[in-house]
1. Quick one: would you say residue C:21 is at negative phi, within 10 Å of the chain's Cα centre (by Cα) and surrounded by fewer than 19 Cβ atoms within 10 Å (Cβ to Cβ)?
2. Could you grab me the full set of residues in segment A:23-71 that are more than 18 Å from residue A:8 (Cβ to Cβ), of a type in the set (Phe, Trp, Tyr) and under 13 Å from the mean Cα position of the chain (by Cα)?
3. Residues in segment B:170-184: is at least one within 21 Å of the chain's Cα centre (by Cα), crowded, with 19+ Cβ neighbours inside 10 Å and among the hydroxyl-bearing types (Ser, Thr, Tyr)?
4. Quick check on residue C:69: is it assigned to a helix (DSSP H, G or I), at pLDDT below 90, surrounded by fewer than 19 Cβ atoms within 10 Å (Cβ to Cβ) and not assigned by TED's automatic domain parsing to the domain that holds residue C:136?
5. Which residues, taken from segment A:23-58, are surrounded by fewer than 19 Cβ atoms within 10 Å (Cβ to Cβ) and either within 10 Å of chain B (Cβ to nearest Cβ) or of a type in the set (Lys, Arg) (or both)?
6. Inside segment A:61-81, can you point out the residues that are within 30 Å of residue B:136 (Cβ to Cβ) and facing chain B (nearest Cβ under 10 Å)?
7. Does residue B:33 qualify as being within 14 Å of another protein chain (Cβ to nearest Cβ), more than 28 Å from residue B:149 (Cβ to Cβ) and without any contact (Cβ under 8 Å) to a residue 24 or more places away in the chain?
8. Of all residues in segment C:85-99, which are touching a helix residue (DSSP H, G or I) at 6+ places or on another chain (Cβ under 7 Å) and farther than 9 Å from residue C:54 by Cβ?
Amino acid sequence: MIPIFDIILLVFLVVTALIALRVRDLLAASMVFGIYSFLICLLWAQMTAVDVAFTEAAVGAGVSTVIMVATVYQTARRSKD
Amino acid sequence: MKGLALFAVVLTGALLLYATGDFPAWGSVHSPANGGELSSHYIENVRTETKVPNIVTAVLADYRSYDTMFETVVVFVAGIAIIALLRDFGNGSRGYPPALANNLPEEPDLIITQTCNLVIPVLQIFALYVLAHGHYSPGGGFQGGVMLGASYILIALANGVEVAMKAMSERKIMLLAATGILIYSGTGLICLLLGENFLDYHVLSRILPTDPIMARSHAILIVETGVAVTVAAIMFSIYANLATRGTLKGGL
Amino acid sequence: MFEIAISIVSGALICGGLVFFLGAAVGLVRFPDFYTRMHSAGKGDTLSTIMILLGIALYQFHDLVEEVHSLQEFLEVFKIELLVAIKVAAISAFIMLTSPTSTHALMEAGYDDGVEPFTRGDDGANDMAAEEQVQKQVQKQKQVQVQEPEGK
């Protein structure tokens with residue numbers, strides 16, 4: 001529908017996915033993963049799949065980021081590999 | 001080894017990119033997902049069969065309700081597994097070191113707690129709105145339940161897990177999580193007892209004061225309530241256990 | 001006429017919001033330490049988001065006069081558009097509450113963690129220390145920039 005918007009979203013999606021994989025600081029990685037969830041949510045909203053986008057915003061970007069940050073806090077912040 | 005992995009990744013990626021050429025155009029009428037008998041049946045008959053304007057909700061909780069029921073069970077099992085792995089009763093039965101020192105100040109910060117006190121009631125009402133309004137707009141049991149659970153997580157973040165535990169004790173969590181599943185599967189069982197298939201809601205019109213079509217619409221709401229209750233309780237339980245290493249004391 | 005007026009006002013609001021967004025982003029990059037950066041992000045973000053949302057809420061009414069012919073129809077259209085505008089305004093009220101609070105929470109976490117604020121005192125010793133800190137920060141940033149391709 002809006003190809004240029006789609007392309008920007010997809011490029012950002014790939015970039016955030018790579019950052020989340022490469023960053024050694026796991027807290028930063030979980031934050032970037034939250035951004036990735038928001039971008040996917042935007043992509044789904046743009047495809048008019050609003051129900052899925054809503055679920056992704058609530059679960060992926062909201063609760064699972066909080067849960068991941070809690071896990072990082074109680075374990076190690078630096079990744080070993 | 002790394003070169004081999006790179007080769008495998010590049011090869012798979014190239015194959016996938018090559019295969020996208022055969023995909024139908026986005027939103028095409030001829031794509032297999034839109035052309036089948038099943039999806040056209042949903043699109044044409046949802047209004048007359050269930051009187052639910054939002055097709056997604058009707059498919060999720062009525063036509064595919066068996067699927068959704070076990071999705072809820074998956075959430076329940078995940079919560080149980082987290083409790084089984086992490087819950088620490090303080091008798092040293094766990095092999096790992098105790099939770100990090102609780103560095104919450106004695107008095108939780110005034111500004112944060114006051115804002116949370118303002119926001120949380122609105123958040124909970126909005127969660128109930130999302131749950132109840134799922135027939136007409138995007139939303140439903142899962143989203144509403146997650147937001148309801150998130151409101152308790154917000155209490156725990158602002159004041160520490162113990163304060164949130166006063167509103168939602170561990171006993172209550174397990175009770176609510178099991179009750180949600182019970183509501184869902186109980187609805188199906190009632191349908192079975194009334195002489196129809198499992199989760200075939202239209203037969204509920206015999207015990208609800210409505211006609212068979214509206215009975216399906218109302219049963220969707222009942223079932224979604226069950227999903228929301230389970231999801232809310234389990235989300236908070238997962239957070240509380242992960243953030244405190246299972247001691248349920250202190251907080252982030 | 002009405003449509004043009006609404007478009008101008010809401011467009012001005014949205015553009016003003018974008019200007020403040022730019023200011024917040026520049027401040028986030030250019031300010032010297034954690035606290036000043038949070039200061040710029042918190043204030044700029046809040047104001048710009050509220051302005052953009054208010055512009056969008058106002059823009060809901062842009063076709064109010066164009067399409068309507070009777071009073072009945074006018075009220076009907078007005079009701080629908082007002083509902084959307086109220087929802088957008090509710091979002092901006094929510095942001096007005098939560099965004100400064102989250103900035104405050106981050107600030108307090110930084111303060112509890114012992115993040116040193118950027119100072120440039122009156123006497124020479126302090127000044128020197130501040131200069132040194134700046135130099136160290138610059139060096140650190142350079143190192144980070146060098147290391148960036150491999151991750152931190």
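1. Criteria met by residue C:21.
2. A:33
3. Yes, there is a match, as at least one residue in segment B:170-184 is within 21 Å of the chain's Cα centre (by Cα), crowded, with 19+ Cβ neighbours inside 10 Å and among the hydroxyl-bearing types (Ser, Thr, Tyr).
4. On the way: assigned to a helix (DSSP H, G or I): no; at pLDDT below 90: yes; surrounded by fewer than 19 Cβ atoms within 10 Å (Cβ to Cβ): yes; not assigned by TED's automatic domain parsing to the domain that holds residue C:136: yes.
It is false that residue C:69 is assigned to a helix (DSSP H, G or I), at pLDDT below 90, surrounded by fewer than 19 Cβ atoms within 10 Å (Cβ to Cβ) and not assigned by TED's automatic domain parsing to the domain that holds residue C:136.
5. Matches in segment A:23-58: A:24, A:45, A:47, A:48, A:49, A:50, A:52.
6. Those that are within 30 Å of residue B:136 (Cβ to Cβ) and facing chain B (nearest Cβ under 10 Å): A:62, A:63, A:64, A:66.
7. In short, yes.
8. Going through segment C:85-99, the residues touching a helix residue (DSSP H, G or I) at 6+ places or on another chain (Cβ under 7 Å) turn out to be C:85, C:88-89, C:91-92, C:95-99.
Scanning segment C:85-99 gives C:85, C:91, C:95, C:96, C:97, C:98, C:99.
The values are calculated or read from the model by the stated rules, or taken from the named source; none is laboratory data. The structure displayed is predicted, hence computed values, not measured ones. Every residue, glycine among them, receives a Cβ derived from its backbone with ideal geometry; neighbour counts consider all protein chains shown.
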